[in-house]
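**Student:** Structure in structure tokens, see below.
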Amino acid sequence: MSGATLGIDVGTFETKGVIVGSNGEVLAEARRRHRMIVPEPGWAEHDPEADWWGEFASISRELIAGCGLPASAIRAVGASGIGPCMLPVDAGGNPLMNAVLYGVDTRAHAEIAELTASIGPETLIERTGNALTSQSVGPKILWLKRHRPDIYAAADGFVNSTTFLVERLTGRRVLDHYSAGSVQPLYDVERQDWADDLMDGITTRERLPELLWTTEIAGHVTAAAAEATGLAVGTPVIAGTIDAASEAVSVGVLAPSRTMLMYGSTIFMIQVAAGRSADPRLWYAPWLFPGRHALMSGLATSGTLTHWFRDRFARELPPETAMGTLAAEAAASPPGARGLIVLPYFSGERTPLHDPHAKGMIFGLDLTHERSDVYRAVLEGIAYGVRHVVETYRGSGHPTSGLFAVGGGMKNPVWFQAVSDVSGEPQVLRRHSVGASFGNAFLAALAIGDVGESDIERWNPEVGRIEPKTELADLYGKGFATYRELYERTRDLMHARM
């Protein structure tokens with residue numbers, strides 16, 4: 001079979017990989033689990049050698065061994081990873097510390113406030129398209145400079161997960177424009193280049209990667225990378241992108257107003273837009289191809305919150321079946337979780353609040369509530385967060401035209417249905433839900449001309465929809481009003497506990 005491509009994605013808790021044939025058929029699939037390191041409250045890290053490169057290499061070898069094709073049949077490679085991250089590396093691309101993760105890591109809140117004041121909120125929106133938040137990379141580089149000056153001084157560059165992987169594969173240090181849009185305030189969205197005048201005191205252009213578009217060929221697999229991964233020397237490698245963008249591609253989010261909803265360690269949403277938005281409640285970046293735009297949003301905790309609940313309140317359950325058992329328990333609790341409301345701000349909150357000091361809350365408990373009610377309320381709390389984002393898109397003049405679902409959380413039917421019921425939005429289901437790794441394989445095929453953009457409908461056709469239950473609209477409308485009021489009434493108390 002000709003035209004096979006390999007896609008691998010490094011997520012917060014799992015690395016996934018696929019080899020996909022020319023018609024979109026998954027020929028081999030593999031995955032590895034890892035953990036998020038939390039050395040202090042509000043911090044989130046990965047070991048890049050073990051979690052990123054080590055798992056990429058071992059999965060690549062497993063896929064090639066199991067797909068029934070020789071390595072030479074893999075025509076191109078696409079990689080993606082969690083982002084935006086901040087990892088200082090030496091001249092050889094070797095890590096100097098653990099990687100600081102995306103918006104779930106809130107350590108740089110002081111630097112966010114300082115840079116916002118010095119640059120100015122209006123300038124930030126005009127030049128970078130975004131307010132500075134815990135998702136921004138620039139404040140985390142400044143944090144490093146202040147709190148780990150020895151590492152900062154030794155750093156030859158600052159990279160994210162995809163850049164790290166592509167450099168290991170090809171020897172070339174690159175970053176796609178979509179990912180660069182998260183390196184605020186260092187990237188100018190109008191010029192689509194590094195913003196030298198906004199870097200003062202943070203870093204210099206020489207310590208940032210070369211900019212490419214996602215499907216540009218960054219280089220070819222080196223001999224050392226071939227030995228580690230089992231790939232053939234000379235295999236093309238695309239620049240790649242952040243995992244959420246590849247997830248969006250995998251479910252056909254390529255046309256304006258289509259919105260991807262990724263059920264992962266966090267909820268992440270991407271809407272392809274007809275033009276640029278300047279709404280500071282959302283994130284903006286150039287899309288994967290020249291001349292296109294994307295509006296992003298994300299909750300700080302989603303899958304991480306379900307893992308937290310399992311690990312704290314379901315320790316007696318076997319790990320391999322715990323999530324299924326909890327989902328079944330949640331299904332036994334009625335919609336509305338018998339009056340419980342959860343604010344899922346257990347690691348602050350990203351869009352649209354942009355509040356790193358927001359705190360989680362379980363509201364309405366009494367002595368009759370069971371674990372099943374609390375877990376259902378956790379899932380519904382995440383759904384309320386999705387509704388908050390959907391209403392923000394609508395208020396910014398970019399209403400959604402359905403949600404295109406992807407990710408591991410789709411396996412939980414209570415959570416999945418609750419999102420539609422609470423938000424009032426239908427969700428489109430595709431045949432393949434493996435996510436970013438599948439999207440990477442498609443982008444790699446697109447880069448070498450094996451497919452066109454419209455072929456994603458052939459690779460991953462629609463197979464169904466989840467419709468909201470209209471009879472629950474009033475219940476969840478009242479619940480959402482309480483959800484919003486709880487935050488507004490307790491925000492000052494939350495901040496007093498920072």
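**Student:** Taking a cut-off of 18 Å, what percent of all Cα-Cα pairs in the range 1-110 are separated by more than that?
**Tutor:** Details: 3222 of 5995 pairs.
Roughly 54 percent, rounded to a whole number.
**Student:** Quickly work out the R205-to-A332 label distance, labels modelled 7 Å from Cα along the C-beta direction, and quote it in nm with one decimal.
**Tutor:** Spacing of the two 7 Å Cα→Cβ label points: 6.4 nm.
**Student:** Same structure, new question: Roughly what percent of Cα-Cα pairs across the range 17-175 reach past 18 Å?
**Tutor:** 64 percent
**Student:** Going 7 Å from the Cα of R394 along its beta-carbon direction, which residues of the range 410-447 have the amide nitrogen within less than 14 Å of the resulting point?
**Tutor:** Residues passing the 14 Å test: 420-426.
**Student:** Near E111, within a Cβ-to-Cβ distance under 10 Å, what is the net charge of the other residues, with Lys and Arg +1 and Asp and Glu -1?
**Tutor:** +3
**Student:** 222 nm [θ] for the chain, helices only, -39500 (n - 2.57) per DSSP H run of 4+, per residue, to 500?
**Tutor:** -10500 deg cm²/dmol
**Student:** Can you compute the label reach from E126? Point 7 Å from Cα along the Cβ direction, backbone N cut-off under 15 Å, restricted to the range 253-293.
**Tutor:** Counting only backbone N, you get 278.
**Student:** Cα atoms only, the range 369-473: Rg and Dmax in Å?
**Tutor:** When restricted to Cα atoms, the range 369-473 yields Rg and Dmax of 16.4, 57 Å.
**Student:** Can you find, among G93, L231, A218, the residue sitting farthest towards the positive end of the charge dipole of the chain, where Lys and Arg contribute +1 and Asp and Glu -1 at Cβ?
**Tutor:** Checked the options; the winner is L231.
**Student:** Please give the FRET efficiency for R61 paired with D474, using the beta carbon to beta carbon distance and R0 = 45 Å, rounded to the nearest 0.05.
**Tutor:** FRET efficiency, R61 to D474: 0.25.
**Student:** Same structure, new question: Over the range 111-196, what per residue volume does the convex hull of the Cα atoms give, in whole Å³?
**Tutor:** 102 Å³
**Student:** Which lysines, on any chain, are close to K478 with Cα under 24 Å apart, when same-chain ones fewer than 8 places away are left out?
**Tutor:** Counting by Cα, and skipping residues close in sequence, K478 has these lysines nearby: K359, K469.
**Student:** Still on this structure, I have one more. Taking the Cα centre as origin and putting +1 on Lys and Arg beta-carbons and -1 on Asp and Glu beta-carbons, what dipole magnitude results for the chain, to the nearest 20 debye?
**Tutor:** So the dipole magnitude of the chain works out to roughly 580 debye.
**Student:** Just to be sure I understand the model, the point goes 7 Å from the Cα along the line to the Cβ. What's the resulting T321 to A232 distance in nm?
**Tutor:** Taking the two extended label points, one gets 4.6 nm.
**Student:** Based on alpha-carbon atoms only, what is the radius of gyration of the range 165-280 relative to the globular estimate 2.2 N^0.38 Å?
**Tutor:** Values: Rg = 16.4 Å, N = 116, 2.2 N^0.38 = 13.4 Å.
For the range 165-280, the normalised Cα radius of gyration is 1.22.
**Student:** What span do the alpha-carbon atoms of the chain cover on each of the three principal axes, reported in whole Å from largest to smallest?
**Tutor:** Each principal axis gives a Cα extent; for the chain these are 64, 53, 45 Å.
**Student:** If you don't mind, another one. Calculate, for F313 and A110, the FRET efficiency according to 1/(1 + (r/R0)^6) with r their C-beta to C-beta distance and R0 22 Å; round to the nearest 0.05.
**Tutor:** With R0 = 22 Å, the Cβ-Cβ based efficiency is 0.05.
**Student:** So how far, in whole Å, is the C-alpha centre of the range 168-223 from the one of the range 5-67?
**Tutor:** The distance from the Cα centre of the range 168-223 to that of the range 5-67 comes to 23 Å.
**Student:** Another question, if that's okay. Straight-line reach from K145: which aspartates and glutamates have a Cα under 17 Å away, not including same-chain ones fewer than 8 places off?
**Tutor:** Hits, sequence-local ones excluded: D90, D105, E111, E114, D156, D200, E206.
**Student:** If Rh is defined by the Kirkwood formula over all Cα pairs and Rg also comes from Cα, what ratio Rg/Rh do you get for the range 264-398? Before the final figure, lay out each step's value.
**Tutor:** Working: Rg = 17.1 Å, Rh = 16.2 Å.
When Rh is taken as the Kirkwood radius, the ratio is 1.06.
**Student:** Evaluate the distance, in nm, between pseudo-label points positioned 7 Å from the Cα of S72 and of R431 along their respective Cα→Cβ axes.
**Tutor:** Here the modelled spin labels are 3.0 nm apart.
FYI, it's all coordinate maths here, none of it is from the lab. Note that the coordinates shown come from a computational prediction; the quantities given were computed from them, not determined experimentally. Neighbour counts run over all protein chains shown; Cβ positions are idealised from the backbone, glycine included.
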